[in-house]
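> Before I ask anything, let me first share the structure, which is written out below as structure tokens.
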Amino acid sequence: MPISSKRESNKKSSLANTGLFLILATLLLIGVATAVSYRSVRIFEARSLRVQHTHTILQRLEESQWTLHDLVASARSYALSGRHEYLLSFEADRTLLSSLFNGLRGLQFDNQEQLDRVAHLSQTVAKRVELARTLIEADKNARIHNIDEHDRDLSEDIRQQFAVLKEIEGASLVQRSSEMATGIRWVILAIAGGSIVSIAMLIAVCLRLKRETLSREEAQTKAQIYAAEVEALYNQAPCGYHSIDEESGLIVQINDTELSWLGYRREQVVAKMRQTDLMSEAGAERYQQEIWPRFQRDRGVNGVDIDYLRADGTYFPVLMSASTDVHPETGRVVSRNVIHDISARRQVEKEIEELNASLRCQTQRLSNVNKELESFSYSVSHDLRAPLRAISGYAMMIEEDYADALDAKGRELLQVIRKNVSKMDALISDLLKLSKSATGELTLGNFSMQKLVEQGVASLRRENDRVEFIIDPLEDVIANQGLIGQVWENLLGNALKFSQKAEHPIVRVSSTTTPEEVIYQVQDNGVGFDMRYVHKLFGAFQRLHRQEDFAGTGIGLALVQRIVVRHNGRVWAESRPGEGATFYFALPRREL
């Protein structure tokens, strides 16, 4: 063979070998890069899942802690208000809490230390749930005692255990995130060792795979969370739900709340019972004759009051609403029914009716008492005063006609008789004022409080000019002028009576205002009284000083209190012995 031909043949063979080597090298490079890239992707995916796993654990811990917080809040709300929805919320949170801890134990199956911590936390939380249940079931005093004695330490222990778990998982999250970041850098360096095309392809494939994986996982997670939330909301709602297939008339779906009210199991109801099977006999008859025709006509009903039948044969009242819809999967027409248990409302209505009946009886009795009081007042003003006037008149006649036959002692005794008759007459007058202050129509009107007080002070000044009266500007209120005039008459008279023995007696009248009421003050510098006996001050016939020292019937302040209270006001006093006294009465600000 010629040399040139041989060289040509060698060249071709070398080119063929080089091409084959290049192809093999390229294939090897691609294979190695692919293998390294595949392994790197798998390692990254595993580390990503570990990071996601840690995120899930932290999320479950956070959800468990907030669910426990909501459970305790529901127990306290039920203990304070007794409202049934709080009890339902408590039971729902307890079920969710159990589910969350089961999930936590499943997530920690490969970490025995964390699994032990979760188990210990679960036991502590169970104690806290039991304490909340005890709070619901115990009497009110015991509830308060429970909160004071156990709640704080147990809650702090639970908070610390949650904090420890979160701290450990947080540290694990940092570590795993760091490992994932390191893995990403290693993948980039490994792929950089290949060809630019392979790197570009592998990076593109890896990034696309990463995006799709994360997007798919995120979508799956969201879908699972949403489905779980919807199912929880449906089953644990505070009202009953059930759906009826319009073609067959059978119930195809029902929530846990309604099942618990009815006392049935799901398999006893779904695809076996109809709407009327859930109702009492009278309710089913009314539904067929009245409600069903209206539902067919309007394709819905709202707020229908009807009785439902429990599995044990008892029934309870509900408010039912229903509407039609098309099932998204089967395309069949279904009716969505919502029921609310109104047993508590019925009980409240019954109690209100009983209270109204009792109130009507009390009103009638009060009317009878008022009539008797008016009759008594008439008797007092006519029948009792006539003998008193006769006694006083005969005593005066004896004193005038037989003055020469009486010695000094006899005349003194006649004076005592007339004085006591006068005292008895004043007492009867005060009693009449006291009785009339609580009867009759309370007519309110506008008047000048300043002028009313000045008129009362003017008459008192004529009787005793030693007393200095100081009247500050007074705020007006809407009240009954005649009754409020009696209040001022008694308060000013008291201030004058108990301060007239002072060296320089002073009585000061003033007022202060708040957004809700006007407060009037009558202050004197008289003898005062001991605040230990202030509870007797506004009682009828109660006296804090001797009759010999300060005359009076003991009715005046009782009259003041009755009039002020009738105006929806309040009255009180402050004093110290020998330092004078201040009487207050407050009247509400109102508009005609």
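The values are calculated or read from the model by the stated rules, or taken from the named source; none is laboratory data. Note that the coordinates shown come from a computational prediction; the quantities given were computed from them, not determined experimentally. Positions of Cβ are generated from backbone atoms using ideal geometry, with glycine treated the same way; all protein chains shown enter the neighbour counts. Each accessible area value is taken on the protein alone, full model and side chains, heavy atoms only, with ligands, DNA and RNA left out. Shrake-Rupley method; radii C 1.70, N 1.55, O 1.52, S 1.80 Å.
> Would you mind working out the accessible area per residue for the range 280-360, using a 1.4 Å probe, and quoting it in Å²?
63
> At 1.4 Å probe size, with the rest of the protein present, what percent of the exposed accessible area of the range 63-131 is carbon and sulfur atoms?
On the range 63-131, the fraction of accessible area on carbon and sulfur atoms equals 53 percent.
> So what J values fall out for the range 49-60 if you push phi through Karplus, 6.51 cos²θ - 1.76 cosθ + 1.60 with θ = phi - 60°, rounded to Hz, Gly and Pro as x?
Listing the rounded values in order: 5, 5, 5, 4, 4, 5, 4, 4, 4, 4, 5, 5 Hz.
> So how far, in whole Å, is the C-alpha centre of the range 105-138 from the one of the range 395-415?
98
> Let me ask something else about it. Using modelled backbone amide H atoms (1.01 Å from N, in-plane), which distant-in-sequence or interchain residues come within less than 5 Å of Y315's amide H?
Those qualifying (amide H under 5 Å, at least 5 residues apart or on another chain) are R310.
> Rounding to the nearest 20 debye, state how big the charge dipole of the range 251-322 is about its Cα centre with +1 on each Lys and Arg Cβ and -1 on each Asp and Glu Cβ.
260
> Right, next: Report the full-extension gain for the segment K501 to L87: residue separation times 0.36 nm, less the Cα-Cα distance, to one decimal in nm.
Taking K501 through L87 to full extension adds about 142.3 nm, to one decimal.
> Taking amide H atoms as placed 1.01 Å from N in the peptide plane, list the residues 5 or more away in sequence, or in a different chain, whose amide H sits under 5 Å from that of I506.
HN-HN under 5 Å from I506: E468, N525.
> Let me ask another. Using a 1.4 angstrom probe on the protein heavy atoms only, could you order M180, M531 from most to least accessible area?
Final ranking, largest accessible area leading: M531, M180.
> How large, in percent, is the carbon and sulfur part of the accessible surface of the range 246-364 at a probe radius of 1.4 Å?
49
> Using r as the Cβ-Cβ distance of L233 and A357, and R0 as 45 Å, what FRET efficiency do you calculate, to the nearest 0.05?
That pair, L233 with A357, gives E of 0.60.
> Past 30 Å, Cα to Cα, is the threshold; run K127/K166; K272/K350; K451/K497; K451/K501; K166/K222 against it and keep the listed order.
K272/K350
> Filter the GluC sites (Glu not before Pro) in the range 284-351 to those in DSSP coil with at most 15 other Cβ atoms within 10 Å of their Cβ, and list the result.
E329
> Continuing with the same structure: How far is it, in nm, from the label point at R105 to the one at T330 when both lie 7 Å from their Cα along the line to the Cβ?
Roughly 3.7 nm, to one decimal.
> So for the pair D465, E179, with labels modelled 7 Å out along Cα→Cβ, what separation do we get in nm?
Taking the two extended label points, one gets 10.7 nm.
> Let me ask another. With every protein chain in place, what's the accessible area of C361 (1.4 Å probe, Å², nearest 10)?
70
> Turning to a different aspect of this structure: If each residue of separation counts as 0.36 nm, what is the full-extension length gain between T582 and R411 once their alpha-carbon separation is subtracted?
Working it through step by step, the gained length comes to 57.4 nm.
> To continue, here is another question. Work out from phi, with θ = phi - 60° and the Karplus expression 6.51 cos²θ - 1.76 cosθ + 1.60, the ³J(HN,Hα) of each residue of the range 327-332, listed in order in whole Hz, and give x for Gly and Pro.
Computed from phi, the couplings for the range 327-332 are 5, x, 9, 8, x, 8 Hz.
> Return the long-range amide H neighbours of E517 (sequence gap of 5 or more, or a different chain), with a cut-off of under 5 Å between placed amide H atoms.
R589
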